[in-house]
Every structure is written in C-alpha cells, then in structure tokens.
Amino acid sequence: MLKEKKILLCVTGGIAVYKAAALTSKLVQTGAHVKVILSESAAKFVTPLTFQALSRNAVYTDTFDEKNPQVIAHIDLADWADLILVAPATANTIAKLANGIADNMITTTLLAATAPVWIAPAMNVHMYDHPAVKRNITLLYEDGCRFIEPGEGYLACGYVGKGRLEEPEKIVKLVQEYFAAEDRSPLQGKTIIITAGPTRERIDPVRFISNHSTGKMGYALAQEAIKQGARVQLISGPVQIPAPAGVELIKVESAEEMYQAAMERFDQADIVIGTAAVADYRPKTSFDYKIKKQAGETVLELERTKDILMELGQRKSRQLLVGFAAETNNVEEYAQRKLLNKNADMIVANNVKQQGAGFGTDTNIVTIFKRDGTKKQLPLMTKLAVAEQILEEITSLLKDLGNHENS
Ligand code: PMT
C-alpha cells in the first residue's frame, strides 16, 4: 500500500530508537522508500549502519556531511519526502521544533520541510506531563504537525505510565491509512473539532452534576475522521477510553471549559461535530469546601450553561456545523427544531431510550436530518459504522457547498 511513497524518518535519542529500527524495516516491507536521519544522541543507541542496512539508503547524521555535491542534503531531503515521521521524538527535539531552532540535521531539515510532519513522542511519564512539553506540543499542533500519542505501560526508566513510543505496527497502519485516505477522501487536510463525553458541573470538591455519556460516539467519529486524513481536535469531557492515535486531545471538565476550548479553535476549523452531552445547567454557586449534610431537605439552585452549538451557529462563516440530539420522545420534531435554533447544517438524532442506542453502548441507532429537508434513518450499527455514515453525509454536504460556490 505504501508503494513509491517517500518517507523521511527522523530518529532522536532515547531508548525507543530500537523501535525505530523495526519501524524502518516494516515501512520498507510495505513498499515505501525510507530515508533516515539520526540525531547524534540516537546514534549512541543504535548505529547508522543498522538503519542503512534496513532502509537500503544512506543515513544522515551531520548537517555538514554533504554526501552529494549536487545538492544541499537538508533541503534535498525536505523536498524529497511525502511524509516526515519524527519517531521517537524526545522532549528536547519537540522543544526545538516548537521554537524553530535549527541546530542539527533533523531540526534544520524540518524547518525546510513542506511535507506533513508527524511526531511520535517517547519519554518518561513526568516529562510528558511537564507543562513545557505540553506547551510545545500545543504549539506544534497549531503549526499543523500531527501527533501519534505515546502508549501507556512499563517505561525503560522503571516508571509505569504514558510515554512509550507507539508500536511500529500501529504507526505503519496509520501511515497506510493516511496515504489510502489521501487518494480518496475530501476530508483530507480538513480541520474538524469534535466535542465528546459528558461535562461535570461542580457543586463542591466532592460532588458534581453530570450524565451517562462515555465519549464512545465522539471518539468513534474522531477515529474515523483521522482515518480519512482530517486533522482532529477532540474536546473531551472526563471519559475512561483512550483517545484515538493522531488526534489532538483537549481535556475539559465543565460546559464553560468546553465552550472556551471550542471558541478558541472555531475560526480555524472547517467542520464542528457536537457529540458531547453538555450539561444545560450548573450549580449557581460552586463551594470550595464540602457542604455538610443537614436535617431535612435542601435546594440546589441551578443556572443555565452556554449553549456551545448555538453560539457556534451564530458565529459560523464557512464552517459546517453538525449537532447531535439525544431525545426520549418526539425525536423528529425536536431534532428539526435543533437544526433551526442552532443554525446547524445537520442534526444526528438518537432516541436514547431505544435498546442499543445512545449512552454507553458500542452501537447506536440514528436518523440524520439535513437543512434541505432530507432525512436518513440508519439501522442499529456499531458507533464506528455510524461515524463512517455521518462523515459520508458531511462529505456530500461539502461537495454540494463546493458545487454551489463554483456555480
Ligand atoms: O458518549 P456516548 O456514551 O457514546 O453517548 C453518545 C451520546 C448519547 C452522548 C450522543 O450520541 C449524543 O446524543 N450526544 C448529544 C447529547 C446531547 O446533549 O444532546 P442535546 O439534545 O441535549 O444537545 C443538542 C446538541 O447541542 C448536541 O450536539 C450538544 O453537544 C449541543 N449542546 C447542548 C447543550 C449545550 N449547553 N451546548 C451544546 O453544544
């Protein structure tokens, strides 16, 4: 599937360099042309000769070691690549890339690159959690880089946690999906914001108001959108499932935080899909101490939260807006009302009382309502299959919009 695809693998120094050797081998086996740049530290873990033998190409380590007098190596490599993978990416290299530093062969080449850059971090769990690393990752996301999140497990430093380089097989699969999608999907390169999961509205340090959303529907959409080559910003309330590889995960708790996160990113987005079960009300007062129980009844005063989808609907210019409707009765009537009230282009309605639909299940039963008055009723399907159908509808809306603009 990767026949003739040109992949530049930039390997930076950490124990996971041994996995980069396996990655090189697997990419070559799928038909890709692979060239490797090793940082000085990476070459201390595994020699350039290993990568040369596996890639069957010369390996680059030094900006000033010009192997071919006809070209300047770092510009030539940057122009050559269809895709650049930085794997493993250390905190140090991530920091340099985020700040445009070009002090070695990898960082200099990346500064000259126009191909998509994917970064697969690998480091100690506390390093990965450090605010500076998080800040640098955010900057690189904003510059258009895509991240392959590290996995969780035993780390070479002895800790157990998040920081392991994603497995080579998984990285190869993502690369294959990317190139397959590039050839066919109109969602390729589009920025999609997906809200997912529940929100928590704090009463006091030990209590909150929330709902049964598990994030499965939103995460399935994120997974499918990534597969189709989109850039996905997943704004998620607290859930127990891992984010699909390749998404930018923005963790939030409350409706207000979700609103802020969506608003900050909206202008750059092409599509927004609101699957989150956002609380409509929050406690009017949130206490910073535990409220003690008293004899008799108590009253919790609630106030409205902001309606994120509605506000985005008022502010939208070119963006395509897709909302969900979780209903228990009068599904069609309420869904149509949401389509208009929220100025959405599409509403995906699910009757959450139906068996196999709505909260927590791996399946869903939805009807898709569009502004042109059409509706599409889907049978019981996995949430992943529902996600595929929704993205197909979005793709057809995008095509209609394109045709409309061209006519
Ligand atoms: O997460 P799962 O366990 O997989 O469950 C999936 C789901 C049932 C949560 C999902 O399929 C679903 O129906 N999501 C929408 C839930 C909901 O809050 O629906 P609503 O009818 O109350 O809201 C309508 C739309 O407005 C939704 O797109 C919602 O994200 C949005 N909204 C609602 C309130 C609010 N304050 N801001 C919003 O943006």
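What follows is calculated from the coordinates using simple rules that are stated; it is not laboratory data. All values reported here derive from a predicted model rather than from experimental measurement. Glycine also receives a Cβ, built like all others from the backbone with ideal geometry; neighbour counts cover every protein chain displayed.
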### Task
Compute the relative contact order of the chain as a whole-number percentage, counting only Cα pairs closer than 8 Å that sit 6 or more residues apart in sequence.
10
### Query
What chymotrypsin sites (Phe, Trp or Tyr not before Pro) in the range 318-407 are in a loop by DSSP, with at most 16 other Cβ atoms within 10 Å of the Cβ?
Phe359
### Query
So, how do all the Cα-to-Cα distances of the range 161-245 break down into 5 Å bins, in percent, from 0 on up?
3, 14, 18, 18, 18, 13, 7, 5, 3, 1, 0
### Query
What span do the alpha-carbon atoms of the range 195-343 cover on each of the three principal axes, reported in whole Å from largest to smallest?
57, 36, 28
### Query
Using all Cα-Cα distances in the range 219-261, what percent lands in each 10 angstrom bin from 0 up to the longest?
31, 50, 19, 0
#### Entry: the range 104-206 pair-distance distribution - Cα-Cα, 10 Å bins, rounded %
11, 30, 38, 16, 4, 0
### Task
For the chain, find the longest principal axis of its Cα atoms and tell me its angle to the long axis of helix 331-341, 0 to 90°, nearest 10.
70
### Query
Once a ≥ b ≥ c are taken as the square roots of the eigenvalues of the Cα gyration tensor of the range 147-210, is the result rounded (a/c under 1.5), prolate (a/b larger than b/c) or oblate (a/b not larger than b/c)?
oblate
### Query
Around Lys190, which amide H atoms from residues at least 5 apart in sequence, or from another chain, sit under 5 Å from its own amide H, with H modelled in the peptide plane?
Arg231
## Note on the structure
Per the chain, sqrt(5λ) over the Cα gyration tensor eigenvalues, sorted largest first, in Å, gives 42, 26, 18
### Query
Name the GluC sites (Glu not before Pro) in the range 282-364 that are in a loop by DSSP and that have at most 10 other C-beta atoms within 10 Å, would you?
Glu297, Glu301
### Message
Counting only helical runs of four or more DSSP H residues, what would the 222 nm mean residue ellipticity of the chain come to if each run contributes -39,500 (n - 2.57) and the total is spread over all its residues?
### Response
-11000 deg cm²/dmol
## Note on the structure
Whole-Hz Karplus couplings 3J(HN,Hα) for the range 211-222, θ = phi - 60° and coefficients 6.51, -1.76, 1.60, Gly and Pro as x, run 8, 8, 5, 9, x, 4, 5, x, 5, 5, 4, 4
### Summary
The ³J(HN,Hα) series, computed from each phi in the range 276-290 with the Karplus coefficients 6.51, -1.76 and 1.60 at θ = phi - 60°, rounded to the nearest Hz and given as x for glycine or proline, is 5, 8, 7, 5, 7, 10, 9, x, 5, 10, 10, 8, 9, 9, 5
### Task
Sort the following peptides by mean Cβ neighbour count (other Cβ atoms within 10 Å, averaged over residues), highest first: 349-355, 286-292, 197-203, 256-262.
197-203, 256-262, 349-355, 286-292
### Query
Between Glu333 and Glu182, what is the FRET efficiency for a Förster distance of 41 Å, r being their Cβ-Cβ separation, to the nearest 0.05?
0.50
### Message
Tell me which chymotrypsin sites (Phe, Trp or Tyr not before Pro) from the range 21-64 have a DSSP coil assignment and no more than 16 other beta carbons within 10 Å of their own.
### Response
Phe64
### Query
In the structure shown, do any of Lys284/Lys306; Lys3/Lys173; Lys134/Lys306 have a Cα-Cα gap over 18 Å, and if so which?
Lys134/Lys306
### Query
Which value results when the Cα radius of gyration for the range 280-407 is divided by 2.2 N^0.38 Å?
1.36
### Task
On each of the three principal axes of the Cα atoms of the range 1-151, give max minus min coordinate, whole Å, ordered largest first.
41, 31, 28
### Query
Any idea what the dipole of the range 1-109 comes to, in debye rounded to 20, about its Cα centre with Lys/Arg Cβ at +1 and Asp/Glu Cβ at -1?
480
### Residues Leu2, Leu398 arranged by fewest to most Cβ contacts within 10 Å
Leu398, Leu2
### Message
Going by Cα centres, the range 138-174 and the range 343-376 are how many Å apart?
### Response
33
### Message
At a 10 Å Cβ-Cβ cut-off, how would you order His74, His130, fewest neighbours first?
### Response
His130, His74
### Query
Counting Lys and Arg as +1 and Asp and Glu as -1, each charge on the Cβ, what is the dipole of the chain about the Cα centre in debye, to the nearest 20?
640
### Message
I need to check one value: relative contact order of the range 217-269, counting alpha carbon pairs closer than 8 Å and at least 6 residues apart, in percent.
### Response
30
### Query
Sorting Cys145, Cys10 on the 10 Å Cβ count, fewest up front, what's the list?
Cys145, Cys10
### Summary
XL table Lys162/Lys338; Lys6/Lys316; Lys5/Lys399; Cα-Cα > 30 Å flagged, in table order, is Lys162/Lys338; Lys6/Lys316
